[in-house]
Amino acid sequence: MVSVADQSEISQEIERLKAERNAVILAHNYQLPEVQDVADFLGDSLGLSQKAAGTDADVIVFCGVHFMAQTAKLLSPDKTVLMPDPSAGCPLADMITPESLAEFREPYPEAPVVSYVNTTAEVKAGSDICCTSANSVRVVESLEAKRILFTPDANLGEWTQEQLPHKQLILYPGCCNVHVNIRPEMIQDLKHEHPEAVVMVHPECVKDVRDLADVVASTGGMGRFAAASEAQQFIVGTEEGMAYRLAQDNPDKVFYRIQTALCPNMKKTTLPKVVHCLREMTGEITIPPQIAEPARLTVERMVALG
Ligand code: 13P
Ligand code: SF4
């Protein structure tokens, strides 16, 4: 934890380095509060991809996990994309490899593959279109085929299937342990303590948890919902960093977090690491062209849907 005095000194240094490098800082909603505070743009995976595609900065410092920084590089190939801690991975993304994807595809050679953005560039390269938790329904619906392979998050896939009963989704058996460990009892206990609170949960949660929710949404969707809602209290069924973001944006409302829902990889990025990477230009993301080209098409097909 950085002290307030150190934090303000570090923030000034970050501002100076950003100007010197013509850099922009993109941060995911699960980042540490002090990292969220220095970001130029905070968002969910979809919002961050769109921002990466649109920025005219020369350097993108990506505070998130590896697949997110890779996606930024795919969409901004001429920019330098840096990660303050390149070891910040996503165990869900690591549950699928090009080999396991090929095996999964084999019995359904005619079915298109929708892959969650939480995948490596290699897996994206072997998929037809990408999606995030904000647009999985729209992406699946955009495909003509009835039978569609969905990877790697089976909970997001199951929720998407529930919204689109006329499609047949074949689900790859992956999951996010941070979200799967949010149990129905945790939501029920919070509901018992705060009966007025509206329950928002992420689609990576299991069905028993999703069924207790008033709203199932990506982190960006939760932000929009909480801002527009008349409710004053909310239970936030996702990684705990989201509650900080929501409280910053809605100071008159109260957000109850799931204390144990913590993604250790998302917390690897610290302010001193942000300074170091901007100063020394370390943690650069590179993707071999033979992978980047097909992977970019997969992401661009998604971005084109709006
Ligand atoms: P969002 O795109 O909803 O922010 O989710 C990203 C993620 O990694 C969820 O665990
Ligand atoms: Fe990956 Fe889950 Fe962490 Fe999101 S919360 S980055 S899906 S491990």
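The values are calculated or read from the model by the stated rules, or taken from the named source; none is laboratory data. Quick caveat, the model's predicted, so the values are computed rather than measured. No Cβ is skipped: glycine too gets one built from the backbone with ideal geometry, and neighbour counts run over all protein chains shown.
List of remarks:
- Taking the range 225-251 as the range and being more than 14 Å from ligand 1 (Cβ to nearest atom), closer than 16 Å to residue 134 by Cβ and assigned to a loop (DSSP other than H, G, I, E, B) as the test, no residue passes.
- Flag for residue 37 being at pLDDT below 95 and surrounded by fewer than 22 Cβ atoms within 10 Å (Cβ to Cβ): no
- Residue identified as of a type outside the set (Gly, Ala, Ser), under 22 Å from residue 50 (Cα atoms) and either within 16 Å of ligand 1 (Cβ to nearest atom) or part of a strand (DSSP E or B) (or both) among 222, 200: 222
- Against the test of being within 17 Å of residue 130 (Cβ to Cβ) and either touching a residue at least 24 places away in the same chain (Cβ under 8 Å) or surrounded by fewer than 22 Cβ atoms within 10 Å (Cβ to Cβ) (or both), the options 169, 212 yield a single qualifying residue, 169.
- Contact map, the range 100-118: residues that are under 21 Å from residue 70 (Cα atoms) and away from ligand 2 (no atom under 16 Å from the Cβ) paired with residues that are at pLDDT 95 or above and of a type in the set (Gly, Ala, Ser), Cβ distance under 9 Å, separation 6+ or inter-chain. Pairs shown: 101/115; 101/126; 101/127; 113/126; 113/127; 114/127; 114/136; 114/157.
- Scanning the range 51-68 for residues that are under 15 Å from the mean Cα position of the chain (by Cα) and more than 19 Å from residue 95 (Cβ to Cβ) gives 51, 52, 62, 63.
- Yes/no for residue 134 being within 25 Å of residue 69 (Cβ to Cβ) and part of a loop (DSSP other than H, G, I, E, B): yes
- Here 92, 17, 48, 82 are screened, and the one residue that is within 25 Å of residue 239 (Cα to Cα), over 16 Å from the mean Cα position of the chain (by Cα) and surrounded by 15 or more Cβ atoms within 10 Å (Cβ to Cβ) is 82.
- When 127, 136, 87 are checked against the criterion of being closer than 27 Å to residue 60 by Cα, crowded, with 18+ Cβ neighbours inside 10 Å and more than 16 Å from ligand 1 (Cβ to nearest atom), a single residue qualifies: 127.
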